[in-house]
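Peer 1: Sharing a structure, written as structure tokens. Questions coming.
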Amino acid sequence: MDNAPQPLLRPLALGDLDLPNRVVMAPMTRARAANPGLAPTALHARYYAQRASAGLIISEGTWVNRQSIGFINVPGIYSDPQAVAWREVTDAVHARGGRIFSQFGHVGSVSHPDHFDGEPPVAPSAVNPGEQSFTPTGLKGTVTPRALTVREIGQTVADYRTAALNARRAGFDGVEIHAQGQHLIPQFLNPRLNRRTDAHGGSLENRSRLLFEILDAVTSVWDTPRIGVKLSPYWVSGHAFTADEETLVEYDEITKQFAGADLAHLHLVDNSPAAATSTPDRDLAPFARYRPLFAGVLIVNAGFTQATGNAVLDAGLADAVAFGAPYIANPDLVERFTHGHGLAEADRATFYTPGPAGYTDYPAAPATTGP
């Protein structure tokens with residue numbers, strides 16, 4: 001039986017885009033760009049098109065330059081061939097009535113010399129974040145990175161602008177700036193990893209400067225109603241990311257600064273240990289802090305189920321819900337929510353393996369399969 005009144009299935013205005021529902025396909029690294037140019041392939045086009053009934057698709061994080069790479073077989077958006085290949089993906093999504101944003105990523109120090117012919121990765125400061133990088137020969141611990149020079153910071157900002165230009169050429173409907181987790185922008189925000197004494201270090205204003213310089217650069221190419229930002233105030237990882245009260249207060253201030261930016265959306269992620277629980281109170285509580293600070297479209301992401309996704313919308317704490325893992329094995333997730341079908345289970349062994357197995361071979365539920 002259809003359940004159209006449920007909040008997840010209500011339409012939403014995202015800037016000047018009309019979304020048919022509030023189910024967002026979250027960005028997910030799937031490591032299928034197994035080619036030297038790190039360009040998406042026909043397999044990517046099929047994968048995203050299968051999921052076009054989402055209110056919005058946000059692509060996997062795509063590299064903005066060579067220095068940003070930190071995971072094998074992830075596509076970029078810094079070259080002409082990559083932009084041309086992404087056009088095949090966006091055309092396939094649009095042909096099925098979907099909408100897709102490109103997410104821009106840069107891992108900074110959470111990379112490894114194996115990605116750069118033995119050269120160290122770059123970072124705000126020469127501080128090992130104590131994380132792991134997925135290299136061509138498997139997971140390896142991070143090393144002490146090389147601090148970006150002032151000139152290189154300027155070039156990085158310029159590279160984000162080039163990525164924005166390429167995303168427009170590729171036919172994306174908008175873009176999302178990845179400022180989540182332990183990647184480059186959060187490294188600049190984090191005083192444990194950012195020990196600079198210049199204009200990009202020290203005070204919160206200085207440590208957040210890179211984020212807003214990137215936002216300005218992308219805005220010079222895209223109107224702000226087509227630009228989103230993804231943050232993770234509650235990120236807990238290694239020795240550097242602790243999500244303590246001091247960190248949360250700083251993210252409060254950053255969130256307030258978006259008030260005048262006219263963003264398409266703010267995408268908030270909670271990956272704290274408690275977010276792994278399925279209790280509705282835990283799913284809702286972290287976002288109550290940020291709802292009053294951002295009046296625009298707020299997308300939340302924290303292991304939501306259909307029930308807790310509807311609950312967070314019903315409570316007025318968010319405008320849309322991003323689903324990651326459920327979209328791996330359920331390309332028809334919106335239809336399953338609509339008709340009350342159960343969800344298929346994904347094969348974790350195929351999350352990052354090459355080829356269609358565990359990527360494009362998950363079927364739709366029988367009742368929603370077309371003729």
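Peer 1: Ignoring ligands and nucleic acids, what accessible area does residue 146 show with a 1.4 Å probe (Å², nearest 10)?
Peer 2: Estimated to the nearest 10 Å², residue 146 gives 90 Å².
Peer 1: Hey, another quick one. Kindly express, to the nearest 10 degrees and within the range 0 to 90, the angle between helix 150-169's C-alpha long axis and the longest C-alpha principal axis of the chain.
Peer 2: 20 degrees
Peer 1: Just to check I understand the Karplus step: with θ = phi - 60° and J = 6.51 cos²θ - 1.76 cosθ + 1.60, what whole-Hz values come out for the range 24-31, glycine and proline as x?
Peer 2: Result, rounded to whole Hz: 9, 7, 6, x, 9, 5, 10, 6.
Peer 1: Place a +1 charge on the Cβ of each Lys and Arg in the chain and a -1 charge on the Cβ of each Asp and Glu, then give the dipole magnitude about the Cα centre in debye, rounded to the nearest 20.
Peer 2: Details: 29 positive and 37 negative charges, 90 e Å.
The dipole magnitude comes to about 440 debye.
Peer 1: Right, next: Enumerate the whole-percent occupancy of each 5 Å bin, from 0 to the last occupied one, for all C-alpha pair distances of the range 37-178.
Peer 2: 2, 11, 19, 20, 17, 13, 10, 6, 2, 0
Peer 1: Rg (Å, one decimal) plus Dmax (Å, integer) for the alpha carbons of the range 326-370?
Peer 2: Cα only, the range 326-370: 10.9, 32 Å (Rg, Dmax).
Peer 1: Quantify how much of the Cα-Cα distance distribution of the range 207-267 extends past 13 Å, in percent. Don't skip to the end; give the middle numbers.
Peer 2: Numbers: 1202 of 1830 pairs.
Within the range 207-267, distances greater than 13 Å cover 66 percent of Cα pairs.
Peer 1: Could you compute Rg(Cα) / (2.2 N^0.38 Å) for the range 215-367, with N its residue count? Mind dumping the intermediate values first?
Peer 2: Details: Rg = 17.3 Å, N = 153, 2.2 N^0.38 = 14.9 Å.
The range 215-367 yields a ratio of 1.17.
Peer 1: In whole percent, how big is the carbon plus sulfur part of the accessible area of the chain, probe 1.4 Å, protein atoms only?
Peer 2: Values: 7770 of 14130 Å².
Summing carbon and sulfur atoms, their accessible area is 55 percent of the total for the chain.
Peer 1: How big is the chain along each principal axis, measuring the range of its Cα positions in Å and listing the largest first?
Peer 2: Cα extents, longest axis first: 61, 45, 37 Å.
Peer 1: Have a look at the DSSP beta bridges in the chain and tell me what percent are antiparallel, nearest 5.
Peer 2: Numbers: 8 of 41 bridges.
Expressed as a percentage, antiparallel bridges in the chain total about 20.
Peer 1: Based on the alpha-carbon gyration tensor of the range 165-279 and its eigenvalue square roots a ≥ b ≥ c, which shape applies: rounded if a/c is under 1.5, prolate if not and a/b is larger than b/c, or oblate?
Peer 2: Values: a/c = 1.97, a/b = 1.30, b/c = 1.51.
Taking the square roots of the gyration eigenvalues as a ≥ b ≥ c, the range 165-279 is oblate.
Peer 1: Report, in deg cm²/dmol and to the nearest 500, the calculated mean residue ellipticity at 222 nm for the chain, where each DSSP H run with n ≥ 4 adds -39500 (n - 2.57) and the sum is divided by the residue count. Provide the component values of the computation, followed by the final result.
Peer 2: Details: 11 runs with 109 residues, N = 371.
It lands at -8500 deg cm²/dmol.
Peer 1: Can you tell me the relative contact order of the chain? Whole percent, Cα pairs under 8 Å, sequence separation 6 or more. Don't jump to the answer; show the numbers that get you there.
Peer 2: Details: 795 pairs, mean separation 65.5, N = 371.
The normalised contact order for the chain reaches 18 percent.
Peer 1: Hey, another quick one. Accessible area per residue for the chain in Å², computed with a 1.4 Å probe and the full protein assembly in place, what is it? Write out the running numbers ahead of the final one.
Peer 2: Values: 14130 Å² over 371 residues.
Ligands and nucleic acids excluded, the result is 38 Å² per residue.
Peer 1: Something else now. Eigenvalues of the Cα gyration tensor times 5, then square-rooted: what semi-axes does that give for the range 293-352, in whole angstrom, largest first? Present the calculation step by step, with values, prior to reporting the outcome.
Peer 2: Details: eigenvalues 116, 41, 14 Å².
Equivalent ellipsoid of the range 293-352: 24, 14, 8 Å, largest first.
Peer 1: Something else: Which Cα, out of 107, 28, 69, lies furthest along the positive dipole direction of the chain (beta carbon charges, K/R +1, D/E -1)?
Peer 2: Highest projection toward the positive end goes to 69.
Peer 1: So if I place +1 on the C-beta of Lys and Arg and -1 on the C-beta of Asp and Glu, and nothing else carries charge, what would the dipole magnitude of the range 115-253 be about its Cα centre? I want it in debye, nearest 20. Provide the component values of the computation, followed by the final result.
Peer 2: Values: 13 positive and 18 negative charges, 92 e Å.
Once rounded to the nearest 20, the dipole reads 440 debye.
The values are calculated or read from the model by the stated rules, or taken from the named source; none is laboratory data. Keep in mind that this is a model prediction, so the values were computed, not measured. A quick note on method: Cβ atoms are made from the backbone with ideal geometry, for glycine too, and the neighbour counts reach across all protein chains shown. Accessible surface areas use protein heavy atoms only, side chains included; no ligands, DNA or RNA. Shrake-Rupley method; radii C 1.70, N 1.55, O 1.52, S 1.80 Å.
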